[in-house]
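Q: Dropping a structure here in structure tokens format, bear with me for questions.
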Amino acid sequence: MPRVTDTLKIRNMEIKNRLGFPPMMSGSISNGVPGEKFYNVYEPIAKGGAGLITVEASSTDPMNNPIQPCLGLDKNIPAFKEFTDRIHEYGTKIGIQFAHGGILSLMMIAIMRLNMPVWSASSVDPVVASSSYDLINPNWRQDLEKTGFKGIHEMTVKDMNGVGDLFAAAAKRAIDSGFDYVEIHSAHGTLYHDFLSPYYNQRTDEYGGSWENKTRFVRETIEKIRDKIGDNPIFVRISAEELLHDGLKVEDQKKVAVLLEKAGVDCIDVSQGIQVRTPEGINIPTYIPPGGYIHYPEAIKKVVNIPVIGVGNIIEMKMADEFIQQEKADIIYMGRQLITDPETPNKYFNGQTDDIKYCIGCQVGCGGVCVLNPYERHNYQELIPTEELKKIVILGAGIAGLEVARVAKLRGHDVEIYEKADKVGGLMHVLAAEYKKEQFMNIVNYQKIQLNKLNIPIHLNRELTTNEIKELDCDVLVFAVGTEATIPVKYKDHPNVLTQDEAILKSKPMGKNVVIWGLDTYWKGGTETAITLREQGYNIKAFAGKEKLLAGILTQSRLTGRVTWIHRYFRDNKIPLFKKASLIDVTDKSVIIQDSEGKEHVIEADTLVHCGARTTPRKTIERELEDVGFKIEFIGDCKKPRDIQAAIRDAQKLARAI
């Protein structure tokens, strides 16, 4: 029975274990070649024990791409050779993925508002081709037209030959640069995937129709690469399912996999989804259980005799090992988990599982810097021991308070925590109580274990008085006491108006017919609270707010599986949605709102859940303690109501500065 710790031979390459890091765009490249940030992204993963690493989607074009590694130029070989030599020092095998944007170029137009060409198998409707953008942006077609976009270019045979030649030449440079293998990106909506897709490929020539024809382009490229790189392994990444009712199915891709093996492919990297249509298959939200897509590589593995890679929100090594033992895949990729904690493999192999920091699934910052590690990857700064030991007292044991304590203690300071509640974690308990967001508690669980190992005293059920605070014997007092949810003064005496916290925790009676105010996510709005209450059986009569976007914080950051899943949920469940609205009044039996066009709506409801208003005690604290003899600092929500990312960043910044 195979195990995740076992070696595996892929053609002429042997990897030391079955755990790998998938190709994920990091934005860490410097003019097409590795620089300090690039090393800081990949070297910790190799050092952490992963058996193989596939470098993110890279350009084969001679022009250096500012956001992609580039092996389209001979002059870039030495820089990549230095990089691969460094990775090989850890016994890790390293490959590089080559990609042509294909239909995904529409994503760059959406994000950067560029007027750039989009090549694909067929000239299809670009809005349907990028339906996730249409889902979250009703003006997507008009926005696309404003960029000067002229339509999708249907590739000619000459175009395809040119692309294949570039891939083959880049593959040769990759091997000359010390890479152990190369991968063709034929998933997620990239060019080679477009030729396999039922919607994107509507051709009637020798590159459309049958699977022999649809795979012809990628098989021709495989042949060209093999001619250039000899006996080195070739991987191909596929989307086993497009996760669309009219999209590619795993039964289709099983046929493709057989043809790829016959063409000389040595390993099939199995993913799912299309970035611009079904990103929930790629940026997998916590609504989908960890390992929820493992049946796809399992299906592909049954029809081929070459290794198969499985991926999909797998954050626990135990689960990865079980999947290997069950022969659902030969290799397991961990992406976001190895971004959160690159040492995950080594900690697991060494029996230090309680020291693993697990991904919380927030999907904020994954491509760059994880919200839980503000001084890692792109922003790497070594943690330097203090030269002047100080006594630090922290009031509040939410994630900001726990993090400042952990990092300050690691630097050598004497740390103590007081918490008024009977448990640590603060508002994370509320956040994690929303629908399928239990994973958000991973950071609290990690912090609790680490603070216990560091012997940091935590005094629960202790809210210090002002006089007790003034009598503390410390050098630095850190307030991390968080915020309190509030409702507008106008509705203070309304028993049927609840704060978001009260609704989630059920700490106040709530009727079955509910209107929710605030269109963003916790704590600025109730998007996922609305989903939570509906799943619990409440009747969401309306979801309204002054905001112009649903889940705007997530929507504006990037197109992730989390935000598109949310938008689809509201659409499919027909939850009445009022954007740019005004809250007029609340009575015992109704909520009155005014929509964006000035029309009033009287909505029959038992309860209004008001989301978004929180208050910090900072000004009061500063006034009461202005004459104390030690330094006072504020972090997290206590400093200013914000999010997880800001709380952890505040805490680490302060702990590193003291």
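Q: Kindly provide the set of residues from the stretch 640-655 that are surrounded by fewer than 19 Cβ atoms within 10 Å (Cβ to Cβ) and either in contact (Cβ under 8 Å) with a residue 60 or more places away in the chain or hydroxyl-bearing (S, T, Y) (or both), ordered by number.
A: Q645, K653
Q: Residue check: is G151 closer than 21 Å to D269 by Cβ, of a type outside the set (A, V, I, L, M, F, W, C) and in contact (Cβ under 8 Å) with a residue 12 or more places away in the chain?
A: No; evaluated as a whole, the condition is false for this residue.
Q: Continuing with the same structure: Scanning for something closer than 22 Å to L372 by Cβ and at pLDDT 95 or above, does the stretch 487-505 turn up at least one residue?
A: no
Q: Before we move on, is G612 of a type outside the set (S, T, N, Q) and surrounded by 18 or more Cβ atoms within 10 Å (Cβ to Cβ)?
A: It is true that G612 is of a type outside the set (S, T, N, Q) and surrounded by 18 or more Cβ atoms within 10 Å (Cβ to Cβ).
Q: Go through the stretch 238-267 and give me each residue that's on the phi > 0 side of the Ramachandran plot and surrounded by fewer than 18 Cβ atoms within 10 Å (Cβ to Cβ).
A: G264 - this is the single residue of the stretch 238-267 that is on the phi > 0 side of the Ramachandran plot and surrounded by fewer than 18 Cβ atoms within 10 Å (Cβ to Cβ).
Q: Please state which of the following conditions D341 fails to meet, knowing it meets all the rest: (1) charged (D, E, K, R); (2) surrounded by fewer than 23 Cβ atoms within 10 Å (Cβ to Cβ); (3) under 20 Å from E438 (Cβ atoms).
A: Here D341 meets the rest and fails (2).
Q: Sticking with this one: Residues that are in contact (Cβ under 8 Å) with a residue 40 or more places away in the chain and of a type in the set (S, T, N, Q): find the helices (runs of 4 or more DSSP H) completely inside the stretch 182-263 holding 1 or more of those.
A: Passing ranges, in order: 216-229, 250-262.
Q: Quick check on this structure: which one of N31, N115 is among the polar types (S, T, N, Q), free of Cβ contacts under 8 Å to residues at least 40 places away in the same chain and touching a Pro at 6+ places or on another chain (Cβ under 8 Å)?
A: Being among the polar types (S, T, N, Q), free of Cβ contacts under 8 Å to residues at least 40 places away in the same chain and touching a Pro at 6+ places or on another chain (Cβ under 8 Å) holds for just one of N31, N115, which is N31.
Q: What do you reckon, is I53 farther than 27 Å from G208 by Cβ, assigned to a helix (DSSP H, G or I) and at pLDDT 95 or above?
A: no
Q: Quick check on the stretch 318-326. Is at least one of its residues in contact with a strand residue (DSSP E or B) (Cβ under 9 Å, 6 or more places away or on another chain) and part of a loop (DSSP other than H, G, I, E, B)?
A: Applying the first criterion (in contact with a strand residue (DSSP E or B) (Cβ under 9 Å, 6 or more places away or on another chain)) to the stretch 318-326 yields 319-321, 323-324.
Checking which are part of a loop (DSSP other than H, G, I, E, B) leaves us with none.
No, because not a single residue in the stretch 318-326 is in contact with a strand residue (DSSP E or B) (Cβ under 9 Å, 6 or more places away or on another chain) and part of a loop (DSSP other than H, G, I, E, B).
Q: Would you point out the residue of the stretch 231-250, among those that are among the charged types (D, E, K, R) and within 28 Å of the chain's Cα centre (by Cα), that is farthest from G178 (Cα to Cα)?
A: Restricting attention to the stretch 231-250, the residues satisfying the condition of being among the charged types (D, E, K, R) are 231, 237, 241-242, 246, 249.
Now drop any that are not within 28 Å of the chain's Cα centre (by Cα), which leaves 237, 241-242, 246, 249.
Values: R237: 21, E241: 33, E242: 34, D246: 41, K249: 36 Å.
Only one residue fits best here, namely D246.
Q: Test V163 against the criterion of being among the β-branched types (V, I, T) and closer than 30 Å to K81 by Cβ, and give yes or no.
A: The answer is yes for V163.
For (1) in contact with a Pro (Cβ under 8 Å, 6 or more places away or on another chain); (2) surrounded by fewer than 20 Cβ atoms within 10 Å (Cβ to Cβ), each residue gets a yes or a no:
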position	(1), (2)
K347	no, yes
Q352	no, yes
I356	no, no
Q363	yes, no
Y375	no, yes
H378	no, yes
L383	no, yes
E387	no, yes
I394	no, no
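Q: Is one or more of the residues making up the stretch 337-344 part of a loop (DSSP other than H, G, I, E, B), of a type outside the set (A, V, I, L, M, F, W, C) and in the same structural domain as A646 (by TED's automatic domain parsing)?
A: Residues of the stretch 337-344 that are part of a loop (DSSP other than H, G, I, E, B), as a first pass: 341-343.
The next check asks that each one be of a type outside the set (A, V, I, L, M, F, W, C); those that pass are 341-343.
Filter once more, keeping what is in the same structural domain as A646 (by TED's automatic domain parsing): none.
No - not one qualifying residue is present in the stretch 337-344.
Q: Next up: D475 is checked against (1) in the same structural domain as G398 (by TED's automatic domain parsing); (2) farther than 20 Å from E403 by Cα and fails just one. What number does that condition carry?
A: The failed condition is (2).
Q: Within the stretch 550-588, track down each residue that is hydrophobic (A, V, I, L, M, F, W, C) and surrounded by fewer than 19 Cβ atoms within 10 Å (Cβ to Cβ).
A: Answer for the stretch 550-588, where residues must be hydrophobic (A, V, I, L, M, F, W, C) and surrounded by fewer than 19 Cβ atoms within 10 Å (Cβ to Cβ): I553, I575, L577, I584.
Q: Looking only at residues that are among the aromatic types (F, W, Y) and in contact with a helix residue (DSSP H, G or I) (Cβ under 9 Å, 6 or more places away or on another chain) in the stretch 189-245, which one is nearest to I300 (Cα to Cα)?
A: Across the stretch 189-245, the extreme among qualifying residues is W211.
Q: Counting only residues that are in a loop (DSSP other than H, G, I, E, B) and surrounded by 24 or more Cβ atoms within 10 Å (Cβ to Cβ), which one in the stretch 300-312 is modelled with the highest pLDDT?
A: Let us first name the residues in the stretch 300-312 that are in a loop (DSSP other than H, G, I, E, B), namely 302-307, 311-312.
When the remaining residues are screened for being surrounded by 24 or more Cβ atoms within 10 Å (Cβ to Cβ), the result is 311-312.
Values: V311: 98, G312: 95.
So, considering only residues that are in a loop (DSSP other than H, G, I, E, B) and surrounded by 24 or more Cβ atoms within 10 Å (Cβ to Cβ), the one modelled with the highest pLDDT is V311.
Q: Taking only the stretch 385-426 into account, find how many residues are over 32 Å from the mean Cα position of the chain (by Cα), outside any strand (DSSP E or B) and either under 12 Å from V478 (Cα atoms) or among the basic types (K, R) (or both).
A: Total meeting the criteria: 2.
Q: I've got another one for you. Mind telling me which of the residues V628, V602, V586 ends up being within 20 Å of G526 (Cβ to Cβ) and either assigned by TED's automatic domain parsing to the domain that holds Y538 or at pLDDT below 95 (or both)?
A: After applying the criteria, what remains is V586.
Q: Related question: Determine if the stretch 617-625 includes at least one residue that is over 13 Å from L498 (Cα atoms), surrounded by 13 or more Cβ atoms within 10 Å (Cβ to Cβ), in the same structural domain as P641 (by TED's automatic domain parsing) and more than 37 Å from the chain's Cα centre (by Cα).
A: Yes, that holds for at least one residue.
Q: Test K579 against the stated conditions and say whether it is of a type in the set (K, R) and either in the same structural domain as K640 (by TED's automatic domain parsing) or at pLDDT 95 or above (or both).
A: So K579 fits the description; yes.
Q: Follow-up question, since we're still on this one. Return the pair list, or none, for Cβ contacts closer than 6 Å from residues in the stretch 496-514 that are loosely packed, with under 14 Cβ neighbours inside 10 Å to residues that are not aliphatic (A, V, I, L, M), at least 6 apart or on different chains.
A: From the stretch 496-514, the pairs are K512/Y538; K512/N539.
The values are calculated or read from the model by the stated rules, or taken from the named source; none is laboratory data. What you see is a predicted model; the values in this text were computed from it and never measured. Note: ideal-geometry Cβ built from the backbone for every residue, glycine included; neighbour counts use all protein chains shown.
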